[in-house]
Protein chains: 2
Amino acid sequence: MPIFYQPVVQEGINHLDQEEARHAIKVLRLQSGDPLRITDGKGSIYECTITDIAKSTCSFSVHKTISVPRRNFSIHIAIAPTKNIDRIEWFVEKATEMGIEKISFVRSKNSERTVVNPERLAKKAISAMKQSGQAWLPLLQPIQPFDQLLDFGGLKYIAHVDPENPQHLKEAPPNGHYLVLVGPEGDFSQQEVDLAVEKGFQKVSLGATTLRTETAGLAACFILNLINS
Amino acid sequence: MPIFYQPVVQEGINHLDQEEARHAIKVLRLQSGDPLRITDGKGSIYECTITDIAKSTCSFSVHKTISVPRRNFSIHIAIAPTKNIDRIEWFVEKATEMGIEKISFVRSKNSERTVVNPERLAKKAISAMKQSGQAWLPLLQPIQPFDQLLDFGGLKYIAHVDPENPQHLKEAPPNGHYLVLVGPEGDFSQQEVDLAVEKGFQKVSLGATTLRTETAGLAACFILNLINS
């Protein structure tokens, strides 16, 4: 059954948003009477039926609402955007597929990119949420300076291998609210690492090999999902 | 220190292969006397010094050879190529970065693509191996029919959720030689799943969400690396 994204669904008759309607009508060629599912990205999946199709309008009624609770843990990855934006886009896509609550973009001393296109990234997240049939859309935060991310109340990690005291992220306790900082191509500066440690962040390794920024972000997401599965 | 790929390195003076030489000279603008590292993709990393640069030839001598043993486990993922080849290319890149011994491409009943470009995929693997500083290049096998993959002597898994008896791949024992089959967009056919089970494959889940083919392949690779780390 095809799934669409619509952030607001009311009682009674609804109309798919413009772009989703176009997809339903022109690409999938859905007809009146066809079933569809809606995710609102805020915890609800609606099972619906198309009531009418007229030009570019696709109307539907809801016959069942499924409430999907938030997970009993949450993952927040704050990542330095890569020079090649494709790599961050796929990080957003894959992390959303795996399950993530929040993605932030961090401006670090060695950042090769200091701007991102929030709309384009939001589209990637929406598409991945639909693709994987999920009810929650991750929160995407605008780019912000490194030090603004340091005050967080949960379990705090910075991806940075400490040869003297190596800790693997997989040793994190389950059921936590996690924040993991992932640095740019040139890594975090020593000053940034020291500041994070001062603020209670733990330095962690994500595996045996050297990972690209976007792979490191995804690895962190994978590991935290796995210790909670 | 820049790292280059050269499958054959001899005693005495060597010359970088054409494309690598071009990169060293034109892009990195290396000079005589500069240090470089070579990976041969077969377990050796060579620490070298450039002895001469002339037009498009970059000569070097080896002053240290580091032998990197194979891991005490091995990962083989056999995956159905996706319709959009970009997705398989990034699977090859990311799996190589994480560490994988062998990638096969499988022609399944529901495959949307039945050809891959082995040279292009090999380039992705080489680039990722260099990027992550590794000594072993994964073996990439040509596309083959589903049933040719079923005779394997190690631990055999097929990514396919069995609601009655769900098993997560993370329960796999460590230090194994693993093969994981990952299906196409339309999943393996029931007949293929039954045949695999008959041949000793275990049906496994890779997580709580529905994953795209390439994400499933990478998830399998992540999970097996993690239980062995």
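Before moving on, here are some points about what is shown:
- Residue match in the stretch A:57-68 (condition: surrounded by fewer than 19 Cβ atoms within 10 Å (Cβ to Cβ), within 14 Å of another protein chain (Cβ to nearest Cβ) and more than 25 Å from B:ALA220 (Cβ to Cβ)): yes
- Restricting attention to the stretch A:202-225, the residues that are surrounded by 21 or more Cβ atoms within 10 Å (Cβ to Cβ) and touching a His at 6+ places or on another chain (Cβ under 9 Å) add up to 4.
- The residues of the stretch B:157-176 that are loosely packed, with under 15 Cβ neighbours inside 10 Å and away from every other protein chain (no Cβ under 14 Å), listed by number, are B:ASP162, B:PRO163, B:GLU164, B:ASN165, B:PRO173, B:ASN175.
- Test for A:LEU140: is it among the hydrophobic types (A, V, I, L, M, F, W, C), within 21 Å of the chain's Cα centre (by Cα) and either within 14 Å of chain B (Cβ to nearest Cβ) or assigned to a loop (DSSP other than H, G, I, E, B) (or both): no
- Tabulated pairs, the stretch B:72-93, first more than 14 Å from B:PRO142 (Cα to Cα), second at pLDDT below 95 and part of a loop (DSSP other than H, G, I, E, B), C-beta under 6 angstrom, 6+ apart or interchain: B:PHE73/B:ASN228; B:LYS83/B:GLU112; B:LYS83/B:ARG113
- Taking the criterion of being more than 10 Å from chain B (Cβ to nearest Cβ) and under 21 Å from A:GLU93 (Cα atoms), the residues of the stretch A:178-229 that qualify are A:TYR178, A:LEU179, A:VAL180, A:LEU181, A:VAL182, A:GLY183, A:PRO184, A:GLU185, A:THR213, A:GLY217, A:ALA220, A:LEU224.
- Here is the figure for the stretch B:99-123: residues that are within 29 Å of B:SER189 (Cβ to Cβ) and in a helix (DSSP H, G or I) total 3.
- The residues of the stretch B:185-229 that are among the aromatic types (Phe, Trp, Tyr) and touching a strand residue (DSSP E or B) at 6+ places or on another chain (Cβ under 8 Å), listed by number, are B:PHE188, B:PHE201.
- Cβ-Cβ distances below 9 Å connect the following pairs, each with a first residue in the stretch A:149-175 that is within 10 Å of A:GLN202 (Cα to Cα) and in a helix (DSSP H, G or I), a second residue that is at pLDDT 90 or above and among the aromatic types (Phe, Trp, Tyr), and a separation of six or more residues or different chains: A:LEU169/A:TYR157; A:LEU169/A:TYR178.
- Residues of the stretch B:1-41 that turn out to be part of a loop (DSSP other than H, G, I, E, B), touching a residue at least 40 places away in the same chain (Cβ under 8 Å) and among the β-branched types (Val, Ile, Thr), as a count: 1
- When the stretch A:94-110 is filtered for residues that are away from every other protein chain (no Cβ under 14 Å) and buried (at least 20 other Cβ atoms within 10 Å of the Cβ), the ones remaining, listed by number, are A:ILE103, A:PHE105, A:VAL106, A:SER108.
- Every condition in (1) at pLDDT 95 or above; (2) more than 14 Å from chain B (Cβ to nearest Cβ) holds for A:ALA54 except the one numbered (1).
- Among the candidates B:GLU164, B:GLU119, residue that is over 19 Å from B:ILE85 (Cα atoms) and modelled with pLDDT under 95: B:GLU164
The values are calculated or read from the model by the stated rules, or taken from the named source; none is laboratory data. Everything numeric here is computed off the predicted structure, so don't read it as measured data. All Cβ positions, glycine included, derive from the backbone under ideal geometry; neighbour counts span all protein chains shown.
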